[in-house]
């Protein structure tokens, strides 16, 4: 219409132009009325939804196959999230919003911080309960009970319009973070133990690129065995240190069945590590003396053996004899 209004007077006096002008003003009026109607509907929904949604509890617990205690989630309604976003853009458009929506938007940073912190808390809580093994959970039974008691007000009492939300979040964050760090410490110590035992799986028998003398090979192999024994001794000291760290962190009753079961669990991991180490060396040796694999790979012989016929006797050099 701005372009059309710049046309000559003769064109602007024609009926066609006047019809277009009427149509334009009619469309603008309809769009304005439509916008006002939508804003009024939105304002009505603000009045209807705000109080109801803010009256919901902070947290909700749902049944879960993974977590017997139930999975926690933050109960900040998506309607409120959408409402806060809509208020933001309406204000950017200089459109007046209802007083209730304005007051709600004034606390947008508070709600964002509170819901964000609660997300961190419930994520740690759910991760703790989902990752603890059956042999680990009994050791933390009292701490898990304390977490549940601490979080219970958020499930049954505190609502988004309550005054003590920040105190609740601070207390819950402190307790859940402490348990989360303890669980991570336990898991990390076990991971380091397994990592150390992983080195034991490297085969002890090392094959050279050319044949060796039996005495030389035995000397190299004996040195490798001694080195492996030393590695296991040093790694065992480190495993004991890691176990002590876990003990100091949990502070268990060392005579309790729960702690004895955990010690058995760690012992089982160590036995499995030793077993995999033996298995790795035996498999490596079996592959090195497998005729078919050696022929396929074209590896050099382990020994050079000469055969001589001396006084009707077959003599091997180096000597080959039965050890049975």
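Things worth noting here:
- Unique residue being modelled with pLDDT of 80 or more and surrounded by fewer than 16 Cβ atoms within 10 Å (Cβ to Cβ) when the list is 161, 75: 161
- Residue in the stretch 142-150 that is touching a residue at least 60 places away in the same chain (Cβ under 8 Å) and either part of a helix (DSSP H, G or I) or surrounded by fewer than 13 Cβ atoms within 10 Å (Cβ to Cβ) (or both) present: yes
- Each residue in the stretch 282-324 was checked for being surrounded by 10 or more Cβ atoms within 10 Å (Cβ to Cβ), over 13 Å from residue 207 (Cβ atoms) and either in contact with a helix residue (DSSP H, G or I) (Cβ under 9 Å, 6 or more places away or on another chain) or free of Cβ contacts under 8 Å to residues at least 12 places away in the same chain (or both), and 4 of them qualify.
- Taken as a whole, the stretch 77-97 holds at least one residue that is in the same structural domain as residue 132 (by TED's automatic domain parsing), closer than 17 Å to residue 161 by Cβ, outside any helix (DSSP H, G or I) and free of Cβ contacts under 8 Å to residues at least 40 places away in the same chain.
- Selection of helices (runs of 4 or more DSSP H) fully inside the stretch 212-302 by the criterion of at least 3 residues being closer than 28 Å to residue 196 by Cβ and modelled with pLDDT under 90 returns 214-250, 257-288.
- Put simply, of 53, 29 the only residue that is surrounded by 10 or more Cβ atoms within 10 Å (Cβ to Cβ), assigned to a helix (DSSP H, G or I) and touching a residue at least 24 places away in the same chain (Cβ under 8 Å) is 53.
The values are calculated or read from the model by the stated rules, or taken from the named source; none is laboratory data. Given the structure is predicted, the values throughout are model-derived calculations rather than measurements. Please note: Cβ atoms are built from the backbone with ideal geometry, for glycine as well, and neighbour counts cover all protein chains shown.
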